[in-house]
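A.B. asks: What follows is a structure written as structure tokens; I'll ask about it next.
The values are calculated or read from the model by the stated rules, or taken from the named source; none is laboratory data. Please read all numbers here as calculations on a predicted model, not as lab measurements. Every residue, glycine among them, receives a Cβ derived from its backbone with ideal geometry; neighbour counts consider all protein chains shown. What goes into the accessible areas is simple: the full protein's heavy atoms, side chains included, and nothing from ligands, DNA or RNA. Shrake-Rupley method; radii C 1.70, N 1.55, O 1.52, S 1.80 Å.
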2 protein chains.
Amino acid sequence: MSFEWDTHAAVERTSADTFSAVLDGGWSVGGGINGGYQMGVLGTAVSHSLPQHPDPFVLSAYFLSAATAGPAEVQVTPLRPGRTSSTVRAELRQDGEVRLTALATFGDLASLPTDDVRVTAAPPELAPREQCVPGSMAPEEVRRLAPLMERFEMLFDPSCIGWAVGEPSGVGRFTAWFRLADGRDPDPVTLLMVLDALPPVTFDLGRPGWAPTVELTAHVRAVPAPGWLRITHATRNVGGGMFEEDCEVWDSADRLVAQSRQLAKLPR
Amino acid sequence: MSFEWDTHAAVERTSADTFSAVLDGGWSVGGGINGGYQMGVLGTAVSHSLPQHPDPFVLSAYFLSAATAGPAEVQVTPLRPGRTSSTVRAELRQDGEVRLTALATFGDLASLPTDDVRVTAAPPELAPREQCVPGSMAPEEVRRLAPLMERFEMLFDPSCIGWAVGEPSGVGRFTAWFRLADGRDPDPVTLLMVLDALPPVTFDLGRPGWAPTVELTAHVRAVPAPGWLRITHATRNVGGGMFEEDCEVWDSADRLVAQSRQLAKLPR
């Protein structure tokens, strides 16, 4: 495995139900480790524990404490083995403390029928890549706070990048092109990370800063086609110190391959 | 407690972390017990176990086996007690078998700030109640299959009731007025049930029949105002034998009080 993502999300089986991993500091943001990356590591362990059902269908992650760079353990507890899918509980721990607890149903996406696809959602309207604004143009101090921005190429549509120059649109919506910096094509487990890779959509509402995820549920619906992904983040319900954030990931074949909804705390 | 819902969702504490309940056959549909009702019973137990944090903020339910009318037990396992919210795991069991396993974060909705509400979602356009079609007009055989329809008044917008006469709109969207048959006003835990009360939106796609929920995550965002609720069910991503279904619940004060997304299997 020569790709950065494979190395960084790698797990090693240490017993029937436990896996060891090393959380890579390159995925930190604002001093913590990105939640999507944590889901990717946890999802890799679940995938290895279920050889017949290697792909996430749905995964619900609750973030209990802040993860740091360094050793971690994933414990997978089977709850319902099934013929077409399996449901498990999984926990990511560091120093005996649970960072992330999850419930998940995994299966084999390649085995699903393909003749019944009926998507009324529309792919995001996104300017051609050469007209978009790369994350690498972010100011030096932003990139120092968010080393994970070096892990991927993220090209923002010009219509939703006003926040970077102090002029947020106020709409509560981001769209961007996305691919891993190492050129590796996405697979289903990788999409767990992709669903939480963009900055919080509250930046677009003029509320920059860290927006801690309370819970994130990811649906992965198809094996993504190789190539660039398109991502949309949007919120429609802000209030009570929290907001809901919906993410959609579209592949190069125009399929809505993953969706997520999270409940997060508004930046202070 | 004189309301039907309170009686049917009642739980009794049997130890520090366990509660007994009796699942009421009046909430069955197609031979099983409605998933939303199960979430309501489980949510009632979690609420009783967390006196400082009685309201669901977010709850993710995975349905492992079909529940039946009769005795059940709910076990609540604290995962992270907090100042403003608490995260728990909870399981609903019958005869030692897990019917429903859940992760949830509960808190106190009444304590949240109310000056930061910024909702860009729009309430459903719904005909006045006297122009809507009540669920009680469903044919006798449908009502026999779905006794739970007697538990609430559900008034469907005329635009999305074609499926009942063999002319589904094909849009994949339902809107309806809703209130409990016993006249009781909704509270936050009750909303867990409301989010799964409408028929599967696949009826509107010309695919009637049982659509088993794999997973449902509910966000409850505010204490609902008394009176009628308005509910929307919609799907935007059907394929691979599954579909995503989003539900929104609006209260009489025009607040989006609850949202859910579920992954369900298409009816065969």
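A.B. asks: Looking at region A:195-231, which of the residues that are hydroxyl-bearing (Ser, Thr, Tyr) and buried (at least 24 other Cβ atoms within 10 Å of the Cβ) is nearest to A:Ala66 (Cα to Cα)? Reasoning before the result, please.
C.D. replies: Kept after step one, since they are hydroxyl-bearing (Ser, Thr, Tyr), are these residues of region A:195-231: A:202, A:213, A:217.
Next cut, buried (at least 24 other Cβ atoms within 10 Å of the Cβ) only: A:202, A:217.
Values: A:Thr202: 20, A:Thr217: 18 Å.
Going through the qualifying residues, I end up with A:Thr217.
A.B. asks: Please work out which residue is surrounded by the most Cβ atoms within 10 Å (Cβ to Cβ), limiting yourself to region B:150-177 and to residues that are more than 22 Å from B:Phe243 (Cβ to Cβ) and in contact (Cβ under 8 Å) with a residue 60 or more places away in the chain.
C.D. replies: Residues of region B:150-177 that are more than 22 Å from B:Phe243 (Cβ to Cβ), as a first pass: B:150-153, B:155, B:158, B:165, B:177.
The next check asks that each one be in contact (Cβ under 8 Å) with a residue 60 or more places away in the chain; those that pass are B:150-151.
Working: B:Glu150: 14, B:Arg151: 21.
Among them, the one singled out is B:Arg151.
A.B. asks: Here's a follow-up. Would you confirm, using the coordinates I've provided, whether A:Pro56 is open to solvent by less than 10 Å² (accessible area, probe 1.4 Å) and not in a helix (DSSP H, G or I)?
C.D. replies: Details: open to solvent by less than 10 Å² (accessible area, probe 1.4 Å): yes; not in a helix (DSSP H, G or I): yes.
Spelling it out, A:Pro56 is indeed open to solvent by less than 10 Å² (accessible area, probe 1.4 Å) and not in a helix (DSSP H, G or I).
A.B. asks: Something else now. Only residues in region B:193-212 that are farther than 27 Å from B:Gly43 by Cβ count as the first member; pair them with residues that are outside any helix (DSSP H, G or I) and open to solvent by 30 Å² or more (accessible area, probe 1.4 Å), Cβ under 6 angstrom, at least 6 apart or cross-chain, and list the lot.
C.D. replies: B:Asp204/B:Pro168; B:Asp204/B:Ser169; B:Gly206/B:Pro168
A.B. asks: Identify all residues within region B:111-142 that are under 22 Å from the mean Cα position of the chain (by Cα) and basic (Lys, Arg); write none if there are none.
C.D. replies: Listed by number, the list holds a single entry, B:Arg129.
A.B. asks: On to the next question. Would you check which residues across region A:72-98 are away from chain B (no Cβ under 11 Å), part of a strand (DSSP E or B) and within 23 Å of A:Gly31 (Cα to Cα) and list them?
C.D. replies: Matches in region A:72-98: A:Ala72, A:Glu73, A:Val74, A:Leu92, A:Arg93, A:Gln94.
A.B. asks: Taking the condition without any contact (Cβ under 8 Å) to a residue 12 or more places away in the chain, open to solvent by 10 Å² or more (accessible area, probe 1.4 Å) and more than 14 Å from chain B (Cβ to nearest Cβ), does A:Ser28 pass?
C.D. replies: Working: without any contact (Cβ under 8 Å) to a residue 12 or more places away in the chain: no; open to solvent by 10 Å² or more (accessible area, probe 1.4 Å): yes; more than 14 Å from chain B (Cβ to nearest Cβ): yes.
Here the answer is no, as A:Ser28 does not meet what is asked.
A.B. asks: Considering only residues of region B:232-242 that are free of Cβ contacts under 8 Å to residues at least 40 places away in the same chain and surrounded by 18 or more Cβ atoms within 10 Å (Cβ to Cβ), which is farthest from B:Ala127 (Cα to Cα)?
C.D. replies: Filtering region B:232-242 for residues free of Cβ contacts under 8 Å to residues at least 40 places away in the same chain gives B:237, B:239-242.
With surrounded by 18 or more Cβ atoms within 10 Å (Cβ to Cβ) added as a condition, the list becomes B:237, B:239-240, B:242.
Values: B:Asn237: 27, B:Gly239: 31, B:Gly240: 34, B:Met242: 31 Å.
My answer is B:Gly240.
A.B. asks: For the condition open to solvent by less than 10 Å² (accessible area, probe 1.4 Å), in contact with a strand residue (DSSP E or B) (Cβ under 6 Å, 6 or more places away or on another chain), closer than 20 Å to A:Ala102 by Cβ and not charged (D, E, K, R), what is the one hit in B:Leu64, B:Leu100, B:Leu79? Write out each step before concluding.
C.D. replies: Details: B:Leu64 fails: open to solvent by less than 10 Å² (accessible area, probe 1.4 Å); B:Leu79 fails: open to solvent by less than 10 Å² (accessible area, probe 1.4 Å).
Within the list B:Leu64, B:Leu100, B:Leu79, the selection yields B:Leu100.
A.B. asks: Of everything in region B:43-62, what is over 16 Å from B:Ala197 (Cα atoms) and within 14 Å of chain A (Cβ to nearest Cβ)? Give them in sequence order. If you could, list the steps in order and put the result at the bottom.
C.D. replies: First, the residues of region B:43-62 that are over 16 Å from B:Ala197 (Cα atoms): B:44-60, B:62.
Those that are over 16 Å from B:Ala197 (Cα atoms) and within 14 Å of chain A (Cβ to nearest Cβ): B:Val46, B:His53, B:Asp55, B:Pro56, B:Phe57, B:Val58, B:Leu59, B:Ser60, B:Tyr62.
A.B. asks: Could you list all residues from region B:124-135 that are open to solvent by less than 50 Å² (accessible area, probe 1.4 Å) and either modelled with pLDDT of 90 or more or part of a loop (DSSP other than H, G, I, E, B) (or both)?
C.D. replies: Of the residues in region B:124-135, the ones open to solvent by less than 50 Å² (accessible area, probe 1.4 Å) are B:124, B:126-127, B:132-135.
Within region B:124-135, B:Pro124, B:Leu126, B:Ala127, B:Cys132, B:Val133, B:Pro134 qualify.
Quick grid of which residues meet (1) under 15 Å from the mean Cα position of the chain (by Cα); (2) over 30 Å from A:Lys265 (Cβ atoms):
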site: B:Asp182; (1), (2): no, yes
site: B:Ala197; (1), (2): yes, no
site: B:Trp210; (1), (2): no, yes
site: B:Leu229; (1), (2): yes, no
site: B:Val238; (1), (2): no, yes
site: B:Glu248; (1), (2): yes, no
site: B:Ala253; (1), (2): no, no
site: B:Arg261; (1), (2): yes, no
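A.B. asks: Given the criterion open to solvent by 30 Å² or more (accessible area, probe 1.4 Å), within 14 Å of chain A (Cβ to nearest Cβ) and closer than 30 Å to B:Leu155 by Cα, identify the matching residue among B:Ala121, B:Ala110, B:Ala69.
C.D. replies: Working: B:Ala121 fails: open to solvent by 30 Å² or more (accessible area, probe 1.4 Å); B:Ala69 fails: within 14 Å of chain A (Cβ to nearest Cβ).
After applying the criteria, what remains is B:Ala110.
A.B. asks: Let me ask another. Scan region B:243-261 for residues that are facing another protein chain (nearest Cβ under 10 Å) and open to solvent by 10 Å² or more (accessible area, probe 1.4 Å) and report the count.
C.D. replies: Result for region B:243-261: 4.
A.B. asks: If I ask for residues that are open to solvent by less than 50 Å² (accessible area, probe 1.4 Å) and in a strand (DSSP E or B), which ones from region B:1-25 would you list?
C.D. replies: Those that are open to solvent by less than 50 Å² (accessible area, probe 1.4 Å) and in a strand (DSSP E or B): B:Val11, B:Thr18, B:Phe19, B:Ser20, B:Ala21, B:Leu23.
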